[in-house]
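Let me begin by presenting the structure, written as structure tokens, before commenting on it.
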Amino acid sequence: MRVAVLNGVNLDELGRRDPEVYGGLSHSQLETLIYKWADELGLTAECHQTNHEGQYVDWCHEALDWARGVVVNPGAWTHYSYAIRDALELFKVPVVEVHLSNIDEREEWRRVSVISELVSKRIIGKGQDGYREALEYLKETL
Ligand code: DQA
């Protein structure tokens with residue numbers, strides 16, 4: 001069962017970027033874990049990260065054709081990108097919103113998620129383990 005894991009803007013800087021908030025893993029270390037967890041669950045994950053909103057939207061459109069479930073962490077786009085919201089709205093399969101940090105307990109502007117009402121599940125503030133929980137949820141749901 002193939003699932004897409006789509007990480008957005010500035011997540012390529014994990015490891016250097018405020019490790020107390022986002023954890024100390026680099027993005028490639030995070031991806032390695034995601035692939036391992038997916039494998040353990042019998043899922044086939046395809047991870048992507050981009051700093052370009054149009055690319056993120058294109059990957060959403062491509063995933064419409066093959067993904068049985070989707071895990072998204074759009075980074076700061078979460079808080080204002082209606083383009084990504086519109087792209088995610090096209091999915092008929094479950095979409096899980098993950099954030100490493102607890103966006104509900106940070107700055108006011110981070111508490112807004114323009115995608116929250118579309119997703120099947122939100123996992124917030126659990127660091128890297130949030131991705132594992134998202135994959136487990138997809139495994140149970142699919
Ligand atoms: C984030 C939270 C966002 O507010 C922030 O802009 C990010 C990462 C998280 O995973 O905690 O880039 O999505």
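Laboratory data are not the source of any read-out in this text; all were calculated from the coordinates shown. Values in this document were obtained by computation on a predicted structure and should not be read as measured data. Neighbour counts run over all protein chains shown; Cβ positions are idealised from the backbone, glycine included.
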Exercise for review: Taking only the C-alpha atoms, wrap a convex hull around the stretch 42-142 and report its volume per residue in Å³ as a whole number.
Suggested key: 94
**Study point:** Charge context of Glu40, other residues only, Cβ under 13 angstrom, K/R +1, D/E -1
**Key:** +1
Point to revise | For peptides 112-124, 89-101, 66-78, 14-26, sequence by mean Cβ density within 10 Å, most packed first | key: 66-78, 89-101, 112-124, 14-26
**Study point:** Point-to-point label distance, Arg111-Glu13, nm (Cα→Cβ direction, 7 Å offset)
**Key:** 2.5
**Study point:** Net +/- balance of residues flanking Gly125 in space, Cβ distance below 15 Å, scoring K and R +1, D and E -1
**Key:** -1
Point to revise | Dipole of the chain, positive end: most advanced residue of Leu138, Asn7, Ser26 [Cβ charges, Cα centre] | key: Leu138
Point to revise | Computed helical MRE - 222 nm, the chain, DSSP H runs ≥ 4 contributing -39500 (n - 2.57), nearest 500 | key: -10500 deg cm²/dmol
Point to revise | In Hz, Karplus ³J(HN,Hα) per residue of the stretch 128-141 (6.51, -1.76, 1.60; θ = phi - 60°; x = Gly, Pro) | key: 4, 4, x, 5, 4, 4, 5, 5, 4, 4, 5, 4, 5, 6
**Study point:** Relative contact order [Cα under 8 Å, 6+ residues apart], the chain, whole percent
**Key:** 28
Review point. How large is ³J(HN,Hα) for each residue in the stretch 3-16, as worked out from phi by the Karplus curve 6.51 cos²θ - 1.76 cosθ + 1.60 (θ = phi - 60°), to whole Hz, x for Gly and Pro?
Key: 10, 9, 10, 10, 9, x, 4, 6, 6, 5, 9, 4, x, 9
Study note, to complete from the structure: Charge tally for neighbours of Leu90 with beta carbon under 13 Å away, counting Lys, Arg as +1 and Asp, Glu as -1, is -3
